[in-house]
Amino acid sequence: MNRVVWITGGSSGIGAALVKKYSDSGYYVIATARSKGQLEKVASSSNYPENIKIFPADLEKVNELSKIIQSVWNIFDGIDLVILNAGVGQWGEVKDTEMNVERKIFELNFWSPVQSIKLLIPKMENKGSGTIICVGSIASQFGQAKLAAYSASKSALTLYLESLKEELRYSKVKVKLVSPGNIKTSIMKSALTHNGKKLNKVGRAQEKGMTTQKLAKKIFKFEKQEKFHKFFTGIEGLAVLLHKFSPKLFYCIYRNLSRRKK
């Protein structure tokens, strides 16, 4: 019997690649994002579009998540795997960034997955099993200029899941976390600036990053492993170790690299 996976943020980037990977691997896929048109394009580009059901929804509306999740759950009368990938990037200094923008970042990157998890766990426990994977970021491991709210939201999610993992130690429901580094997506193009408008610029680091197809394959493999948390990075993954063992050297190198990019 085909397993069922629900993928959020499924209209582009990492989410779209995951939708294709899982549908091509024989899963029934429920793809969610705001844009119905973009979801339809992703589904039609799959080798097995008949395996994909699209469910447009705005996951920023946390108060509506209970209704959304019940509707998604009912499509195939249960879900085996959930990949919470929806989120938003940022580019703006703290002193300039409006408070409502920082709240929006936390709504999408932290509160939405947290509320989704709280609603999904009882359903999966009643079903007898289930796995929830959250897509975090290497940015959760250290602070960077103009990414304060983004890094903080991903860091909060990381520690929340780490705590929850311990609570679910003897449960048939598992939570897992993936933290990608630089990935070839439009995250910086759609990143929120200080006033909430989109940045509309392509990030240089993302241009040189891992393809979404390669990342999707890695996440697909990781889902079947026992490990709780895994980084998927290129050379930028060394930054995590450097920051841990020598923060002073890390920021010295980081500032020099930042100046070169200007």
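The values are calculated or read from the model by the stated rules, or taken from the named source; none is laboratory data. This one's a predicted model, so the numbers in the text were calculated from it and none came from an experiment. With ideal geometry, Cβ positions are generated from the backbone for all residues, glycine too; neighbour counts draw on all protein chains shown.
Points worth noting:
- None of Ile69, Ile105, Ile79, Ile75 is of a type in the set (A, V, I, L, M), under 25 Å from Val19 (Cβ atoms) and under 15 Å from the mean Cα position of the chain (by Cα) except Ile105.
- The requirement of being polar (S, T, N, Q), outside any loop (DSSP other than H, G, I, E, B) and buried (at least 20 other Cβ atoms within 10 Å of the Cβ) is satisfied by Asn109.
- Counted residues, region 29-52 - those being over 24 Å from Val114 (Cα atoms) and out of contact with any Pro (no Cβ under 7 Å at 6 or more places or on another chain): 14
- Enumeration of residues in region 136-171 that are in a helix (DSSP H, G or I), free of Cβ contacts under 8 Å to residues at least 24 places away in the same chain and either surrounded by fewer than 19 Cβ atoms within 10 Å (Cβ to Cβ) or of a type outside the set (A, V, I, L, M) (or both): Ser151, Ser155, Leu159, Ser163, Glu166, Glu167
- Hey, Asn74 at negative phi, exposed (fewer than 14 other Cβ atoms within 10 Å of the Cβ) and in contact with a helix residue (DSSP H, G or I) (Cβ under 6 Å, 6 or more places away or on another chain) or not: no
- Residue in region 73-92 that is closer than 27 Å to Thr158 by Cα and either assigned to a helix (DSSP H, G or I) or without any contact (Cβ under 8 Å) to a residue 60 or more places away in the chain (or both) present: yes
- Within region 120-135, being in a helix (DSSP H, G or I) and surrounded by 15 or more Cβ atoms within 10 Å (Cβ to Cβ) holds for Leu120, Ile121, Lys123, Met124, Lys127.
- Test: residue in region 112-119 that is of a type in the set (Ser, Thr, Tyr), crowded, with 20+ Cβ neighbours inside 10 Å and modelled with pLDDT under 95: no
- Counting the residues of region 172-187 that are under 10 Å from Thr212 (Cβ atoms) and assigned to a loop (DSSP other than H, G, I, E, B) gives 2.
- Number of residues in region 93-106 that are buried (at least 18 other Cβ atoms within 10 Å of the Cβ) and not in a helix (DSSP H, G or I): the value is 1.
- Taken together, the criteria exclude Tyr48 from residues that are crowded, with 21+ Cβ neighbours inside 10 Å, of a type outside the set (A, V, I, L, M, F, W, C) and under 18 Å from Phe76 (Cα atoms).
- Candidate set from region 188-200 (those that are part of a loop (DSSP other than H, G, I, E, B) and free of Cβ contacts under 8 Å to residues at least 60 places away in the same chain); member that is nearest to Glu107 (Cα to Cα): Lys197
- Breaking point among (1) at pLDDT below 95; (2) under 20 Å from Ser186 (Cα atoms), for Leu84: (1)
- Residues in region 12-42 that are surrounded by fewer than 17 Cβ atoms within 10 Å (Cβ to Cβ) and either among the β-branched types (Val, Ile, Thr) or part of a helix (DSSP H, G or I) (or both): Asp24, Lys36, Gly37, Glu40, Lys41.
- From the options Lys224, Lys208, residue that is free of Cβ contacts under 8 Å to residues at least 40 places away in the same chain, charged (D, E, K, R) and more than 25 Å from Ile121 (Cβ to Cβ): Lys208
- Scanning region 105-126 for residues that are within 25 Å of His194 (Cβ to Cβ) and out of contact with any helix residue (DSSP H, G or I) (no Cβ under 7 Å at 6 or more places or on another chain) returns a single hit, Leu108.
- Per-region count, region 69-88, residues among the aliphatic types (A, V, I, L, M) and out of contact with any Leu (no Cβ under 7 Å at 6 or more places or on another chain): 5
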